[in-house]
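Q: The structure's right below; bear with me while I get my questions together.
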Amino acid sequence: MLIKAMTVGNMACCCYLAICEETREAVIIDPGGDENKVLALCEREKAKVKYIVNTHGHPDHVCGNGTIKQATGAAIVMHEDDVVFFGKPEVEQYFSVLGLKATPPVDKKVKDGDTIGFGRESLEVIHTPGHSPGGMCLYNAPNLFTGDTLFVGGVGRTDFPGGDGKVLYRSIKERLLTLPDRTVVWPGHGYGGATSTIGEEKRSNPFLTDTFWTG
């Protein structure tokens, strides 16, 4: 699997183009703006975009969905819990203050353990709630796209509606830190760096301790 990373939008979202090198079928993960930049990369790579996959439903990760879908015909994919949560009128109203475009209707709802296939590659859905109810990570060993669940040296915030710090910590501890240490972390924002590994986060991430969450 070939991975191309770019930073997009006014909230500096990490967007990824993951390509099956044999067939050139691809997925775009979290197109959070700068759609022309994303589409230009797809053209350069001769990528045939099958899916637009959102690690969660926050506007800074989905605001490019409409333009990308219109240009490529790709289906939009999101965890079923975030489809429900971000469809609530009060949640839509809360996040509308960011002034970012909402996603069109989601075409494919997924849940924990599902796979998203493109060409001869696939991404396994790992449900990691806490930042949002339907937050998910996407695994294709040794690569892990962590969205806003886990950053390099940090974790996602939990003060938005639908966030829960203890749930987030449990998701990371039980679902991500159990993966091999060599697993490459591709985060949803590059606050602490572009990439890391699960092993490095175990050793150095100050948020991944029981005492941080329990006091």
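Q: Taking region 15-32 on its own, how many of its residues are over 14 Å from the mean Cα position of the chain (by Cα) and either surrounded by 23 or more Cβ atoms within 10 Å (Cβ to Cβ) or closer than 19 Å to residue 98 by Cβ (or both)? Let's see the steps before the verdict.
A: Kept after step one, since they are over 14 Å from the mean Cα position of the chain (by Cα), are these residues of region 15-32: 19-26.
Retained after the next criterion (residues that are either surrounded by 23 or more Cβ atoms within 10 Å (Cβ to Cβ) or closer than 19 Å to residue 98 by Cβ (or both)): 19, 26.
Qualifying residue count, region 15-32: 2.
Q: Could you tell me which of the residues 32, 87, 57 is part of a loop (DSSP other than H, G, I, E, B) and touching a Cys at 6+ places or on another chain (Cβ under 6 Å)? Talk me through it step by step, then tell me what you get.
A: Numbers: 87 fails: touching a Cys at 6+ places or on another chain (Cβ under 6 Å); 57 fails: touching a Cys at 6+ places or on another chain (Cβ under 6 Å).
After ruling out the rest, the residue left standing is 32.
Residue by residue, here is whether (1) modelled with pLDDT under 95; (2) surrounded by fewer than 21 Cβ atoms within 10 Å (Cβ to Cβ); (3) charged (D, E, K, R) holds:
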residue	(1), (2), (3)
97	yes, yes, no
110	no, no, no
119	no, yes, no
136	no, no, no
143	no, yes, no
168	no, no, no
184	no, yes, no
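Each row is one residue, and each column tells you yes or no for (1) assigned to a helix (DSSP H, G or I); (2) in contact with a helix residue (DSSP H, G or I) (Cβ under 9 Å, 6 or more places away or on another chain); (3) over 17 Å from residue 146 (Cα atoms).
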| residue | (1), (2), (3) |
| --- | --- |
| 3 | no, no, no |
| 17 | no, yes, no |
| 38 | yes, yes, yes |
| 46 | no, no, yes |
| 70 | yes, no, yes |
| 78 | no, yes, no |
| 82 | yes, no, no |
| 93 | yes, no, yes |
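Q: Of all residues in region 111-169, how many are within 23 Å of residue 12 (Cα to Cα) and assigned to a strand (DSSP E or B)?
A: 13
Q: Looking at 53, 106, can you tell me which residue is in contact with a helix residue (DSSP H, G or I) (Cβ under 8 Å, 6 or more places away or on another chain), surrounded by 15 or more Cβ atoms within 10 Å (Cβ to Cβ) and not acidic (Asp, Glu)?
A: On the way: 53 fails: in contact with a helix residue (DSSP H, G or I) (Cβ under 8 Å, 6 or more places away or on another chain).
Within the list 53, 106, the selection yields 106.
Q: Return a yes/no flag: does region 155-178 have any residue that is touching a Ser or Thr at 6+ places or on another chain (Cβ under 6 Å) and within 20 Å of residue 31 (Cα to Cα).
A: Yes.
Q: Go through (1) surrounded by fewer than 22 Cβ atoms within 10 Å (Cβ to Cβ); (2) touching a residue at least 60 places away in the same chain (Cβ under 8 Å); (3) under 22 Å from residue 139 (Cα atoms); (4) out of contact with any His (no Cβ under 9 Å at 6 or more places or on another chain) and name the single condition residue 4 misses.
A: (2)
Q: Still on this structure: Looking at 91, 84 in this structure, which one is surrounded by fewer than 21 Cβ atoms within 10 Å (Cβ to Cβ), touching a Phe, Trp or Tyr at 6+ places or on another chain (Cβ under 8 Å) and over 27 Å from residue 142 (Cα atoms)? Steps first, answer last, please.
A: Numbers: 84 fails: touching a Phe, Trp or Tyr at 6+ places or on another chain (Cβ under 8 Å).
Within the list 91, 84, the selection yields 91.
The values are calculated or read from the model by the stated rules, or taken from the named source; none is laboratory data. Remember, predicted model here, so these are calculated numbers, not experimental data. A quick note on method: Cβ atoms are made from the backbone with ideal geometry, for glycine too, and the neighbour counts reach across all protein chains shown.
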